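What follows is a single structure, written as structure tokens, with notes after it.
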Amino acid sequence: MTSAYQHLTQTFQRLSRFGHLSAIAGWDMQTMMPAGGSRARGEALAELSVLQHEILTDKQVGGWLDRAEQESLNDVERANLFEMRRAWQQAALLPASLVEAKSIAGSRCEHAWRQQRPANDWQGFASNLKEVVKLSREEAEIRAQANGCSRYDALLDVFEPGMTSAKLDKTFGDLKQWLPQLLQRIVDKQSQEKVDRPVGPFAIESQRQLGLSVMQQLGFDFNAGRLDVSAHPFCGGVPEDVRITTRYNENEFLSAMMGVIHETGHARYEQNLPKQWPGQPVSHARSTAIHESQSLFFEMQLARSADFLQLILPQVATHMGDQSALQADNFVRLNQRVKAGFIRVDADEVSYPAHVILRYEIERALISGEIEVDDIPAIWQEKMQAYLGVDTHGNYRDGCMQDIHWTDGAFGYFPTYTLGAMYAAQLFQALKRALPQVETQIREGDLQPIFDWLQQNIWQHGSRFSTRQLMTNATGEDLNPAYFRQHLENRYLNN
């Protein structure tokens, strides 16, 4: 006789397969699909999301969850059951009509954004975004009433279970106290240092080959993934077929290179999630912040270290040409340069949190109804001036239209970037305690001990543990933002 738990594993295996198709169709939509296919693809993805929603919210699933609680399960199965119930509860709250409408509105908004952003067309973008916000507010209200929390906290919990805006306000409030002064001290210090910039043009194919070379150095499994181009860099697909993207600029190659490294961090996590529980929620990545911790571990903690930069410099010179700006000392200074700028994905790790806090404050007010879509440009300009001293007046392309996240209603996602940076700093500090020779190993190109440590402490566990327990197991304590501050001061002021 099939147990309730077995019924559930079969159901989630089926959902996983539909999720696989959705992920690859979504990747294709952002990379290969001709513009004329947008409407049909959006409708097809919406249909698929409704089908998944119907499978997950079938009345039998709730009964199986209740009966499975009484069955004899081991620790991993218990953890899987917990994640199953969470997924069921999240889905059961929403009517299929809202799931479909939000999917279609998101596809329409994202596809139009690709042309509207280069054209600096805020009015066109805003007209689509208003529908996404309207539907996101409906979702937030339903979730908030069920969970007894604010609208924004209800959406935040989807991406980062257990996190609340009260906790974020405390963490980000502290960050806002010391970050501006630290940023200014670093800028003042670096103003005394001469830095030469590489002179282009840099052929896109050469940049692509450099990216592939660095991906190989970082252990990316090309038998289970690939690199492509999109309007906004991302990591998608499924663990067995991870799709990462970047974007190229012939006048400058560092953004694409670091973008590839960032997405490779995401990809290594996906490729090394536990395979012994295929299709089960417990085999998924723990949370969005933990996912971001892996990409920022690779991009910021590892790849912007002097040891790693000197390690890959020969590859850079081979593909980009050997010029004076690519001498070792200059190359390190170039990649550790701190300067407030417009674009979040190109920001250095010191100014980056300001970009995240700005978006967090805007999207929270937007979901709560304190502000409307039409208010965003003025508030964006005000906060960019206050936090980074950057003027975005009238420049929507490099201001409030630069990101893709709001187009599909991913409100609650942005805070996880800076949480991820904090987790990454804490993980790297724990790694250095466990591997005292790690800096020498990096210089010598022996990165396997780092990957082994991540595999042992993060990757192999999937969603078996809560974020708090996972971090405590790996580092000896829950999130401690002090490691992030310590890291920034050590790298940028004490060296």
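The values are calculated or read from the model by the stated rules, or taken from the named source; none is laboratory data. Bear in mind the structure is a predicted one, so any value in this text is a computation, not a measurement. Here Cβ is always computed from backbone atoms with ideal geometry, including for glycine, and neighbour counts include all displayed protein chains.
Spot the failing condition for Gly399; the list is (1) touching a Pro at 6+ places or on another chain (Cβ under 8 Å); (2) assigned to a helix (DSSP H, G or I); (3) not aromatic (Phe, Trp, Tyr), and only one is missed.
The failed condition is (2).
When you scan region 324-361, how many residues do you find that are in a loop (DSSP other than H, G, I, E, B) and in contact (Cβ under 8 Å) with a residue 60 or more places away in the chain?
Taking region 324-361 as the starting set, the residues that turn out to be in a loop (DSSP other than H, G, I, E, B) are 327, 336-343, 347-351.
Next, from what is left, pick out any that are in contact (Cβ under 8 Å) with a residue 60 or more places away in the chain: 336-340, 342, 349-351.
Residues flagged as in a loop (DSSP other than H, G, I, E, B) and in contact (Cβ under 8 Å) with a residue 60 or more places away in the chain within region 324-361 amount to 9.
Conditions (1) farther than 30 Å from Met84 by Cβ; (2) polar (S, T, N, Q); (3) in contact (Cβ under 8 Å) with a residue 24 or more places away in the chain; (4) buried (at least 19 other Cβ atoms within 10 Å of the Cβ), marked per residue:
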| residue | (1), (2), (3), (4) |
| --- | --- |
| Leu388 | yes, no, yes, yes |
| Ala410 | no, no, yes, yes |
| Tyr417 | no, no, yes, yes |
| Ala425 | yes, no, yes, yes |
| Pro449 | yes, no, no, no |
| Gln460 | no, yes, yes, no |
| Leu470 | no, no, yes, yes |
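Look at region 40-57 and say how many of its residues are surrounded by fewer than 15 Cβ atoms within 10 Å (Cβ to Cβ) and free of Cβ contacts under 8 Å to residues at least 24 places away in the same chain.
1
Please state which of the following conditions Gly173 fails to meet, knowing it meets all the rest: (1) under 23 Å from the mean Cα position of the chain (by Cα); (2) surrounded by 14 or more Cβ atoms within 10 Å (Cβ to Cβ); (3) assigned by TED's automatic domain parsing to the domain that holds Leu488; (4) farther than 30 Å from Arg464 by Cβ.
That leaves (2) as the condition not met.
Could you check how many residues of region 177-203 are surrounded by 15 or more Cβ atoms within 10 Å (Cβ to Cβ) and farther than 21 Å from Arg333 by Cβ?
Residues that pass the stated criteria total 3.
Considering only residues that are of a type in the set (Asp, Glu) and not in a helix (DSSP H, G or I), which ones fall in region 362-387? Don't jump to the end; show me each part of the working.
Taking region 362-387 first, the residues of a type in the set (Asp, Glu) are 363, 370, 372, 374-375, 382.
Glu370, Glu372, listed by residue number.
Residue check: is Ala144 outside the structural domain of Gly394 (by TED's automatic domain parsing), of a type outside the set (S, T, N, Q) and modelled with pLDDT under 95? Show your work before the answer.
Values: outside the structural domain of Gly394 (by TED's automatic domain parsing): yes; of a type outside the set (S, T, N, Q): yes; modelled with pLDDT under 95: no.
In short, no.
Where the second residue is among the hydroxyl-bearing types (Ser, Thr, Tyr) and assigned to a helix (DSSP H, G or I) and the first is within 20 Å of Leu168 (Cα to Cα) and at pLDDT 95 or above and lies in region 480-493, which pairs have Cβ atoms under 8 Å and are six or more apart or on separate chains?
Pro481/Thr171
Helices (runs of 4 or more DSSP H) wholly in region 9-127 with at least 2 residues that are within 25 Å of the chain's Cα centre (by Cα) - which ones?
Working: elements: 38-56, 59-68, 75-92, 96-116.
In region 9-127, the matching helices (runs of 4 or more DSSP H) lie at 38-56, 75-92, 96-116.
Listed residues Lys189, Lys176, Lys167; which is free of Cβ contacts under 8 Å to residues at least 40 places away in the same chain and among the charged types (D, E, K, R)?
Working: Lys189 fails: free of Cβ contacts under 8 Å to residues at least 40 places away in the same chain; Lys176 fails: free of Cβ contacts under 8 Å to residues at least 40 places away in the same chain.
Exactly one of Lys189, Lys176, Lys167 is free of Cβ contacts under 8 Å to residues at least 40 places away in the same chain and among the charged types (D, E, K, R), namely Lys167.
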